[in-house]
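Quick notes on the structure that follows.
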Amino acid sequence: KAIVMLPATHDTASAVLAAPLSGQTPYISSGTWSLLGVEQNAAHTDTSAMEVGYSNEGSVNKSFRFQINIMGLWMIQQVRHELDDKYSFAQLAEMAKANPVDIEINVNDQAFFAPKSMIDVINKAAGRELSVGEMAYVIYKNLARCYDSSLKALEEVTGEKYETLNIIGGGSQNKFLNVLTKEHTGKKVIAGPAEGTALGNLMMQMVGLGDIESVKAGREIIKNSFDIYEV
């Protein structure tokens with residue numbers, strides 16, 4: 001006879017449950033795409049939320065994730081692939097750090113979602129041909145800018161001023177992007193865990209079985225057991 005436990009059944013919902021959140025503080029589930037939001041006790045259905053592109057997704061205990069889907073590491077993944085995967089993500093981050101350029105692009109532009117050549121559309125948006133390091137920097141810098149504007153919109157809609165931003169998922173391992181995010185948002189940035197979805201899923205199974213008392217207790221266990229650090 002099998003015991004069946006129903007965790008948060010969406011990957012982002014599980015990942016957010018693994019985040020070391022203190023109360024209702026914002027998060028970025030960072031991977032191919034970025035999902036930025038905050039846990040809330042009720043859905044936001046007002047016009048202001050709709051106008052800035054935020055939506056409501058259900059989570060455990062009848063809570064909601066009030067969040068927005070924005071660009072993530074898709075752009076750098078595609079650039080790396082076009083370069084025959086000759087550079088690791090760590091190398092690309094180091095090259096970006098060494099080649100800062102003051103170029104602003106809108107990373108949420110539809111042109112970046114499924115181009116034949118990501119390199120070509122980035123060069124076009126930048127107005128010139130970029131080196132690999134410059135291109136990586138432009139991507140990371142403008143992702144951080146996007147995170148900042150999306151976080152400001154979140155604060156306007158919720159009426160809250162947040163001090164901390166939690167970055168979870170695979171993208172939390174990009175220390176250079178984390179630093180840029182801290183610089184642009186002015187928030188205390190907490191990075192990790194990287195394997196958020198698996199951990200959040202497992203945690204809710206253990207909560208359901210009574211092995212862990214609550215989500216709060218489970219988050220504390222995860223915080224003390226995995227690589228989580230302040231940027």
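The values are calculated or read from the model by the stated rules, or taken from the named source; none is laboratory data. Being a predicted model, the structure only gives us computed values, none of them experimental. Here the Cβ is made from the backbone with ideal geometry for all residues, glycine too, and neighbour counts use every protein chain on show. We work out accessible area using only protein heavy atoms, side chains counted, and drop any ligands, DNA or RNA first. Shrake-Rupley method; radii C 1.70, N 1.55, O 1.52, S 1.80 Å.
Tabulated data for the structure shown
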item: Most mobile listed residue (214, 29, 150) in the chain, GNM with C-alpha springs under 10 Å; result: 214
item: Residue 229-residue 81 pseudo-label distance in nm [points 7 Å out on the Cα-to-Cβ vector]; result: 3.0 nm
item: Cα-based shape type of region 124-190, given that a ≥ b ≥ c are square roots of the gyration tensor eigenvalues and the cut on a/c is 1.5; result: oblate
item: Förster radius 35 Å - calculated FRET efficiency between residue 109 and residue 61, Cβ distance, rounded to 0.05; result: 0.40
item: Share of carbon and sulfur in the accessible heavy-atom surface of region 164-231 [1.4 Å probe, %]; result: 50 percent
item: Set of lysines with alpha-carbon distance to residue 182 below 19 Å, sequence-local pairs under 8 removed; result: 97, 141, 152, 161
item: Mean Cβ count within 10 Å, highest first, over the residues of peptides 49-55, 72-78; result: 72-78, 49-55
item: Region 1-138: relative contact order in percent, alpha carbon pairs under 8 Å with at least 6 residues between; result: 19 percent
item: For the chain: accessible area per residue (Å², 1.4 Å); result: 51 Å²
item: Gain upon complete extension [residue 5, residue 42; 0.36 nm per residue less C-alpha separation]; result: 10.9 nm
item: GNM flexibility winner over the chain from 201, 61, 106 (Cα, springs under 10 Å); result: 61
item: Carbon and sulfur %, accessible surface of region 1-126 computed with the full protein complex present, 1.4 Å; result: 51 percent
item: Dipole magnitude of the chain about its Cα centre (Cβ charges: Lys, Arg +1; Asp, Glu -1), debye to nearest 20; result: 240 debye
item: Whole-Å distance, taken between Cα centres, linking region 184-211 and region 113-183; result: 22 Å
item: Separation in nanometres of the label points that stand 7 Å from Cα toward Cβ, at residue 90 and residue 32; result: 2.4 nm
item: Within a Gaussian network of the chain (alpha carbon springs, distance under 10 Å), most fluctuating of 167, 212, 122; result: 212
item: Label zone at residue 205, where the point sits 7 Å out along the Cα-to-Cβ direction: region 8-41 residues whose backbone N lies under 12 Å; result: 8
